[in-house]
Amino acid sequence: MRHVIIGASAAGVNAAGLLRQYDPDSEITVVAKDDRVYSRCMLHLKIAGTRDDAGLAFVDADFFAANRVAWRGGETVADILVDDKAAALESGGKIPYDRLLIASGAQSFIPPVPGLREAKNVVSLRNMDDVEKLTGWGRPGTRAVVIGAGLVGMDAAVALIENGVKVTLVEMMDRVLAIQLDDYAASRYADLLRVHGVEVIVGAKVQAGRSGDAGRLRSLELADGRELPCDFCVVAAGVAPNIGFIKDGRIALTQNKRAVAVDRRCRTSCPDVFAAGDVTFLAPIWPEAVRQAEVAAANMAGREASLPDQDWAWTNSMNFFGLPTVSYGHTSMADPSFIQETYIDGDVYRKVIHKDGVIHGAVFQGDIDNCGVYLRLVRDRIPFGHTGKNPLDLNYADFFQQAANGEFV
């Protein structure tokens with residue numbers, strides 16, 4: 001059996017390791033545009049100078065050799081030849097497969113703002129080339145505008161200010177980390193950004209970029225008329241799955257044509273072709289990409305595995321300026337039938353959203369010890385009513401009997 005994996009990030013590399021466990025004798029090949037394995041989640045640490053190249057890797061240096069995986073780094077797939085069962089390379093070669101996993105990830109999306117895409121000093125934070133540019137541009141005293149205040153935008157802003165860059169952070173939503181956090185938890189980080197000299201602008205839209213004669217961006221214009229001068233710009237406004245090499249219509253895309261369509265076994269519409277990670281647009285966080293990789297690898301090896309029927313309880317963890325935060329599931333709920341319990345004491349903030357004895361979301365900030373139980377409660381909709389306790393104060397001991405029965409592991 002010949003297994004071929006396109007992509008070497010969370011889904012691709014984890015699938016390769018699992019395939020070797022499941023299938024000791026098959027050939028496994030990983031082909032990737034990147035010439036090395038690194039965590040995109042940690043790229044900002046190299047900009048800040050706290051990690052070197054080796055420190056960005058999430059597998060051991062001998063991972064491919066130890067798992068007898070053929071590593072084809074620095075090569076780009078141009079097409080999937082379904083009839084020939086081969087991945088065609090831009091270099092002209094082909095890699096035959098019996099089963100193929102598309103784990104090509106995603107690329108940063110730069111919005112079609114006039115004057116933005118064509119500017120020479122606009123970059124995202126998605127790969128090592130981006131890091132090298134930002135490391136060169138981000139000298140003390142320079143000015144940067146970061147567009148987007150999600151996790152990537154926050155990572156970029158914090159890394160740049162640690163290098164002495166004057167940062168303006170622009171977010172179209174009404175708060176930073178709008179997808180990950182509720183108003184209160186997000187406001188704590190916005191306050192800390194301002195304390196560290198960042199200008200935070202929320203509820204704002206960039207409508208144009210102004211460049212000088214050399215084609216370098218010199219300012220950004222907001223929809224309200226404000227102008228933000230800059231020496232360079234970082235765009236962290238979303239990603240688009242890498243699907244340009246998928247040209248055969250038998251590998252179906254989602255209805256909006258933006259991602260590879262998969263079922264709960266991570267199978268595509270084409271026999272023996274699977275997909276996992278960002279390329280499916282169903283794995284916005286690292287743990288979910290790994291979860292999909294586990295399911296895909298099992299099915300590629302002839303085992304039975306499926307993603308759960310219920311929606312995954314998204315988990316987000318972060319630690320900016322020494323303030324740790326974890327969120328599970330829904331962080332806000334407009335429906336008045338849901339009860340929201342909160343606790344605030346200094347830097348400690350806890351919030352639980354529940355209904356009919358079931359927790360649907362939680363936020364913990366400042367003190368995140370013992371909060372892991374809430375992941376299981378949210379993800380598996382485990383009732384807590386039998387404890388008789390305030391839902392803010394639950395721990396694993398409250399579910400001892402369920403654990404003993406194998407219902408809570």
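Yes or no, residue by residue, for (1) assigned to a strand (DSSP E or B); (2) of a type outside the set (D, E, K, R); (3) surrounded by 22 or more Cβ atoms within 10 Å (Cβ to Cβ):
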site	(1), (2), (3)
Asp83	no, no, no
Ala88	yes, yes, no
Arg117	no, no, no
Ala149	no, yes, yes
Gly153	no, yes, yes
Ile161	no, yes, no
Val167	yes, yes, yes
Say we look at segment 5-61 and pick out the residues that are among the acidic types (Asp, Glu) and closer than 21 Å to Ala103 by Cβ; which of these is modelled with the highest pLDDT? Glu27
Out of Ile246, Ile179, sole residue that is surrounded by fewer than 17 Cβ atoms within 10 Å (Cβ to Cβ) and either under 28 Å from Pro114 (Cα atoms) or not basic (Lys, Arg) (or both): Ile179
Tabulated pairs, segment 331-343, first of a type outside the set (Gly, Ala, Ser), second surrounded by fewer than 14 Cβ atoms within 10 Å (Cβ to Cβ) and modelled with pLDDT of 90 or more, C-beta under 6 angstrom, 6+ apart or interchain: Phe338/Lys355
Where in segment 258-360 are there strands (runs of 3 or more DSSP E), lying wholly inside it, with at least 2 residues that are assigned by TED's automatic domain parsing to the domain that holds Met42 and either among the hydrophobic types (A, V, I, L, M, F, W, C) or over 15 Å from the mean Cα position of the chain (by Cα) (or both)? 273-275
Looking only at segment 111-133, how many residues end up being over 23 Å from Ile285 (Cβ atoms) and either free of Cβ contacts under 8 Å to residues at least 24 places away in the same chain or charged (D, E, K, R) (or both)? 7
Being touching a residue at least 60 places away in the same chain (Cβ under 8 Å), more than 22 Å from Gly93 (Cα to Cα) and polar (S, T, N, Q), is that true of even one residue in segment 4-27? yes
Could you tell me how many of the residues in segment 1-17 are outside any helix (DSSP H, G or I), of a type in the set (A, V, I, L, M) and surrounded by 24 or more Cβ atoms within 10 Å (Cβ to Cβ)? 4
(1) in contact with a Phe, Trp or Tyr (Cβ under 8 Å, 6 or more places away or on another chain); (2) of a type in the set (A, V, I, L, M); (3) modelled with pLDDT of 95 or more: which one isn't true of Leu89, the others all being true? (1)
Residue in segment 255-311 that is surrounded by the fewest Cβ atoms within 10 Å (Cβ to Cβ), counting only those that are among the charged types (D, E, K, R) and closer than 19 Å to Lys85 by Cβ: Asp272
So in segment 179-197, with the set limited to residues that are in contact (Cβ under 8 Å) with a residue 60 or more places away in the chain and of a type in the set (Ser, Thr, Tyr), which one is farthest from Val145 (Cα to Cα)? Tyr184
Could you please find all residues in segment 134-171 being in contact (Cβ under 8 Å) with a residue 60 or more places away in the chain and charged (D, E, K, R)? Arg143, Asp155, Glu162
Against the definition (over 26 Å from Tyr189 (Cβ atoms), in the same structural domain as Ser337 (by TED's automatic domain parsing) and of a type in the set (A, V, I, L, M, F, W, C)), how does Phe384 come out, yes or no? yes
Just checking, how many residues over segment 64-88 are within 27 Å of the chain's Cα centre (by Cα) and closer than 18 Å to Lys33 by Cα? 14
Residue set Arg51, Arg20, Arg40; condition within 17 Å of the chain's Cα centre (by Cα), buried (at least 17 other Cβ atoms within 10 Å of the Cβ) and basic (Lys, Arg); output residue Arg40
Might you let me know whether segment 13-28 holds any residue that is in contact with a strand residue (DSSP E or B) (Cβ under 9 Å, 6 or more places away or on another chain), farther than 23 Å from Phe281 by Cα and not charged (D, E, K, R)? yes
List, please: which pairs have Cβ atoms under 6 Å, are six or more places apart or on different chains, and start with a residue in segment 56-74 that is of a type outside the set (A, V, I, L, M) and end with one that is not in a strand (DSSP E or B)? Phe58/Ser39; Asn67/Gly17; Asn67/Arg20; Trp71/Phe64; Gly73/Asp35; Gly74/Asp35
Matching residues in segment 241-257 - criterion: being free of Cβ contacts under 8 Å to residues at least 12 places away in the same chain and not in a loop (DSSP other than H, G, I, E, B): Leu253
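The values are calculated or read from the model by the stated rules, or taken from the named source; none is laboratory data. Worth saying up front: this structure is predicted, and the values here are computed from it rather than measured. Note that we place each Cβ from the backbone using ideal geometry, even for glycine, and neighbour counts take in every protein chain shown.
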